[in-house]
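Here's the structure we're looking at; comments come further down.
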Amino acid sequence: MSPTASVLEGPRLESPVAQPPHSQRLVSVDALRGFDMFWIIGATSIVLALQQMTSTPLTRFLANQFEHADWEGLHFYDLIFPLFIFIIGVSLVFSLTKTLEHDGCATALKRIFWRSLLLYLCGMFYHGGLSHRWPDVRFSGVLNRIAVTYLFAATLFCFFKTRGLVAICIGLLVGYWALMTFIPIRDIALTREHLAMLAEQSGDTNLAAQFRDKDLVNPTTVKDSPVWAATRRMFYSTTNWTSGKFDQGRNLSEHLDFQFLPGHFNAYEHEWAEPQGYLSTLPSVASCLLGVFAGLLLKNQTVRDQRKVVYLLSFGVAAIVVGWLWGFQFPVIKRAWTSTYVLVSGGYSAILLGIFYQIIDVWGAQKWCQPFVWMGMNPITIYLVSEIIGGFDKLALRFSGGDIQRFFDTHITQGFGQLVVTLIGLGLAFWLVHFLYRRKIFIRL
């Protein structure tokens with residue numbers, strides 16, 4: 001790890017009031033990053049426990065918001081990842097501007113490359129590294145996408161002015177739409193049900209049953225899997241071609257990943273798909289660039305703070321409206337990271353940043369957000385620790401699981417035991433980041 005500033009942090013200062021304006025550390029950015037991490041490491045379990053305790057229209061709605069949309073649409077849980085990438089874009093404006101001014105472009109590019117490489121390797125480590133035999137090795141994932149997205153967005157920031165970055169961002173969004181819309185693909189959906197139907201039509205009921213088997217192991221992790229081999233055979237034997245399709249399993253992004261992405265897929269419900277694949281990484285760079293534009297706005301000392309908030313909120317609303325309107329033709333889909341998803345999620349991200357900036361940095365109300373700041377200043381640390389221990393809920397079970405959890409579920413209400421476990425787990429997570437913060441330990445890439 002390097003002692004240099006993290007790609008996930010803004011400029012490093014203690015007080016946004018005591019320091020000169022040009023070097024202010026935006027506490028709101030740290031707090032928003034920590035707020036995002038709060039949900040990533042397990043706070044969603046609070047909502048699910050409440051739903052288990054008392055099923056009402058409100059708790060059912062909230063529980064649904066903390067599940068990914070099946071395919072099209074956007075739930076709150078679908079906002080967490082692009083919000084993190086958006087914040088990276090905000091932060092890199094401050095950290096890279098300082099590096100470019102003091103050390104030059106070559107030094108900045110060197111740091112970008114090494115940080116991206118280390119983060120990518122952390123992503124592989126997160127998914128088991130090389131501990132598994134081929135093909136059960138995963139080269140893609142959340143940290144891997146963050147690494148690649150940061151690499152491209154940060155490099156572009158070093159070479160282009162604001163207008164050039166805007167043109168590139170628009171080009172990525174329109175270009176991805178054009179690729180997904182006009183390039184022909186085989187007319188086959190890489191989903192279990194569709195493949196089972198094709199197997200039945202060919203008279204192979206045994207293969208159809210295998211596709212529908214709920215216990216089916218992801219075939220990309222099984223060397224020479226007969227199910228995987230059958231899928232490839234059906235895929236390449238398809239002679240009908242189509243275009244402009246955005247159905248699950250029947251779109252250019254997923255077909256390219258199926259054909260060329262090596263190793264283990266992170267398949268949802270055992271579908272033959274990778275949500276962090278090749279082609280869908282292009283628009284994720286645009287998500288980061290939207291954060292860059294927000295960072296440039298916040299860094300601009302010629303714009304009054306209140307005006308910055310208005311701009312962030314206005315852009316957010318406009319992006320959401322444009323995204324949903326465009327979505328009638330190019331649906332909002334997280335797993336394909338469609339251009340409309342970039343706009344809608346980027347719009348909500350800008351609104352959240354505007355709200356946090358108004359409350360924390362403009363009004364100066366900072367005490368309430370300190371726990372989020374602690375977490376926001378060590379995001380990779382808490383993310384990796386959570387994976388290593390199997391989640392903070394698992395650690396909390398050592399303190400409140402077994403008979404204790406059963407007691408709460410039996411004598412208070414069903415689900416209360418899980419709520420207690422979740423709250424203890426989050427308490428342990430906040431204790432860890434506070435411990436690191438107090439001792440000024442910031443593990444950075």
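Quick note: the coordinates plus some simple rules give every number you see, no bench work behind them. Keep in mind it's a predicted model, so treat the numbers as computed, not measured. Neighbour counts are summed over all protein chains in view; Cβ atoms, including those assigned to glycine, are modelled from backbone coordinates with ideal geometry.
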Over the chain, relative contact order from alpha-carbon pairs under 8 Å, at least 6 apart, %
26 percent
So which helices of the chain fit the span-like rule, where a helix is a whole DSSP H run, its Cα atoms reach 24 Å or more along the axis, and its mean Kyte-Doolittle is at least -1.0?
80-103, 105-126, 142-159, 162-182, 281-299, 305-326, 339-356, 416-438
Given K214/K394; K299/K334; K245/K334, which pairs have Cα atoms separated by over 22 Å?
K214/K394; K299/K334
Listed with the fewest Cβ neighbours within 10 Å leading, W177, W374 appear as W177, W374
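Sort the following peptides by mean Cβ neighbour count (other Cβ atoms within 10 Å, averaged over residues), highest first: 340-349, 42-51. Working shown, then result.
Details: 340-349: 26.7, 42-51: 19.5.
Answer by packing, highest mean first, reads 340-349, 42-51.
If the viscosity is 0.890 mPa s and the temperature 25 °C, what translational diffusion coefficient in µm²/s does Stokes-Einstein give for the stretch 185-265 when Rh comes from Kirkwood over Cα pairs?
Here the translational diffusion coefficient equals 187 µm²/s.
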The stretch 400-432 and the stretch 317-364: distance between their alpha carbon centers, rounded to Å
35 Å
Around S386 (Cβ within 14 Å, Cβ-to-Cβ, excluding S386; K/R +1, D/E -1) the net charge comes to -2
Toward the positive end of the charge dipole of the stretch 170-326, about the Cα centre and with charges on Cβ (Lys, Arg +1; Asp, Glu -1), which of I320, V303, L261 goes farthest?
V303
For the stretch 245-365, what is the relative contact order in percent, using Cα pairs closer than 8 Å and at least 6 residues apart in sequence?
25 percent
Cut-off of 10 Å, at most 12 other beta carbons, DSSP loop: longest stretch of the chain lacking such trypsin sites (Lys or Arg not before Pro):
305-438
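If exposed means no more than 16 neighbouring beta carbons inside 10 Å and the site is in a DSSP loop, what's the longest run of the chain without any exposed GluC sites (Glu not before Pro)? Don't skip to the answer; put the middle values down first.
Numbers: sites that count: E14, E67.
With GluC sites (Glu not before Pro) excluded where exposed in loops, the chain gives 68-445 as its longest stretch.
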Starting from the amide H of R250, placed 1.01 Å from N in the peptide plane, find each other amide H under 5 Å away whose residue is 5 or more places distant or on another chain.
L190
Candidate aspartates and glutamates for bridging to K98, where Cα separation is under 15 Å - those fewer than 8 sequence places away on the same chain excluded
E9
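If we count every other residue with Cβ under 9 angstrom of S140's Cβ, Lys/Arg +1 and Asp/Glu -1, where does the sum land?
0
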For the chain, what are Rg and Dmax over the alpha carbons, in angstrom?
22.9, 75
Taking neighbour counts of Cβ atoms within 10 Å as a proxy for exposure, in what order, fewest first, do D215, D257, D204 appear?
D215, D204, D257
Sorted by packing (mean other beta-carbon atoms within 10 Å per residue), highest first, where do 84-96, 317-329 land?
84-96, 317-329
What is the magnitude of the charge dipole of the stretch 292-439 about its Cα centre, with +1 placed on the Cβ of each Lys and Arg, -1 on the Cβ of each Asp and Glu, and no other charges, expressed in debye to the nearest 20?
360 debye
